[in-house]
Amino acid sequence: MRNRNKPTRKALSELEHLVMDFLWPRGAATAEQVREALAARHPLKDATVRTILRRLEEKGYVTHRTEGRTFIYEGTERPQNVAVNAVRQIIDRLCGGSVEQLLVGMVEHEVIDRRELESLARKIARRKEKGN
């Protein structure tokens, strides 16, 4: 059951997602390291990277520590947790809070087939048995 008291974060923009895709496997990085890593795919000015990192921090996706005068940024959550929160927002906004509505739609539009859904149902049942 969903904890409705937990505030949902704002979704990641495309650029924010690119930054997080760099930070997650790396663990921590400076703004300059982020800029250099993204330069080949998406050249950005230093000020733009710093703005993106500041927004990510405001949204709660990253934190920073200071070493000398340099900010070192690090993700606050694993990618799986961010994905769960994004799906939760989709369910709430587009499916009236109904997981069933989302899953039925995914089966109807062949995003997931019935076999995969049945396999997931078995896995969920096993986890619930272990939890009780």
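The values are calculated or read from the model by the stated rules, or taken from the named source; none is laboratory data. On a predicted model such as this, the values are computed, not experimentally measured, just so you know. A quick note on method: Cβ atoms are made from the backbone with ideal geometry, for glycine too, and the neighbour counts reach across all protein chains shown.
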- Output the residues belonging to segment 18-43 that are loosely packed, with under 13 Cβ neighbours inside 10 Å, free of Cβ contacts under 8 Å to residues at least 12 places away in the same chain and within 20 Å of His64 (Cα to Cα). Pro25
- Message: Could you go through segment 52-59 and let me know if any residue there is more than 30 Å from Ile124 (Cβ to Cβ) and exposed (fewer than 15 other Cβ atoms within 10 Å of the Cβ).
- Response: yes
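Looking at segment 33-132, what helices (runs of 4 or more DSSP H) fall wholly within it and have at least 1 residues that are within 19 Å of Leu12 (Cα to Cα), of a type outside the set (D, E, K, R) and in contact with a Phe, Trp or Tyr (Cβ under 7 Å, 6 or more places away or on another chain)?
In segment 33-132, the matching helices (runs of 4 or more DSSP H) lie at 46-59, 79-94.
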- Is one or more of the residues making up segment 82-99 among the small types (Gly, Ala, Ser), at pLDDT 95 or above and out of contact with any His (no Cβ under 7 Å at 6 or more places or on another chain)? no
- Which condition number in (1) modelled with pLDDT of 90 or more; (2) under 18 Å from Ile112 (Cβ atoms) is the one that Arg69 fails? (2)
